[in-house]
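The values are calculated or read from the model by the stated rules, or taken from the named source; none is laboratory data. For clarity, every value in this text was computed on a predicted model and none was experimentally measured. No Cβ is skipped: glycine too gets one built from the backbone with ideal geometry, and neighbour counts run over all protein chains shown.
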Amino acid sequence: MTVDHDVRARDPLDPTDAAGSVGASDAASLDLIYREQSPRLLRSLSRRTASAEEARDLVQDIFCRLAGLGSEGLQFVERPQAYLSRMATNLLRDRAKRSRRRMEESHVPADESTLQGIDHHRILESRDMLQRVEAAVLRLRPRTREIFMAHRVEGLSYAEIAQRTGLSIKGVEKQMSKAIAALDRMLDRDRA
């Protein structure tokens, strides 16, 4: 028995010590608050954040801060639900401010950047090319044009076109080759 007394005297964290038992009750009350309030906080934060993972991180931050209050701080928390809700709101506000600051830091004033304008020359060339292709397609024979448009515009396969037109797949391939060769010739002729 004297050995136990000697061990207790040298033990810095004696379990019978009043301060040690207060810490245990604080941990129990913090655990109780966590069990009661974390599901509500998680639901609330999940609605107000981009992801469930971010909401879980915020709940963890809130309870880490609550645990950091210590025994004296926890005694002053009379309404844990209201206190935790206010902490959640403040954390969200702080994160939004940090995010806004980061965006401002990455902002480049317009007079310091080189902005590319619209290339009117390229737009005119594209319109001209489109008109030439359209005219060339209209000059194809009707059946060749039908097969070409079915494949290139409607996205049909050669088998589907063959079924639609009554041709063989080889016949469709031949018509497509004719259409592409004729379009190449017509467009080359128009360019010259």
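Observations, loosely collected:
- Single unsatisfied condition, Ile169 versus (1) touching a Phe, Trp or Tyr at 6+ places or on another chain (Cβ under 9 Å); (2) within 16 Å of Val133 (Cα to Cα): (2)
- Residues of segment 125-144 satisfying the condition of being farther than 18 Å from Ile161 by Cα, in contact (Cβ under 8 Å) with a residue 12 or more places away in the chain and of a type in the set (Lys, Arg): Arg132, Arg139
- Residue pairs meeting the criteria (Cβ under 6 Å; at least 6 apart or on separate chains; first assigned by TED's automatic domain parsing to the domain that holds Arg141, in segment 151-180; second outside any helix (DSSP H, G or I) and not polar (S, T, N, Q)): Ala179/Leu140
- Neighbours by Cβ (under 7 Å, 6+ apart or cross-chain): first from segment 87-100, without any contact (Cβ under 8 Å) to a residue 40 or more places away in the chain; second buried (at least 16 other Cβ atoms within 10 Å of the Cβ): Met87/Ile62; Leu91/Leu58; Leu91/Ile62
- Filtered residues of segment 28-46 (kept if of a type in the set (Gly, Ala, Ser) and surrounded by 15 or more Cβ atoms within 10 Å (Cβ to Cβ)): Ser29, Ser38, Ser44, Ser46
- Only a single criterion out of (1) outside any helix (DSSP H, G or I); (2) surrounded by 10 or more Cβ atoms within 10 Å (Cβ to Cβ); (3) acidic (Asp, Glu) is not satisfied by Glu78, namely (2).
- Pairs where the first residue, in segment 47-73, is at pLDDT 85 or above and surrounded by 15 or more Cβ atoms within 10 Å (Cβ to Cβ) and the second is in a helix (DSSP H, G or I) and among the polar types (S, T, N, Q), C-beta under 6 Å, 6+ apart: Ala55/Ser46; Val59/Ser38
- Among the residues making up segment 35-75, a single one is within 14 Å of Asn90 (Cα to Cα) and not in a helix (DSSP H, G or I): Thr49.
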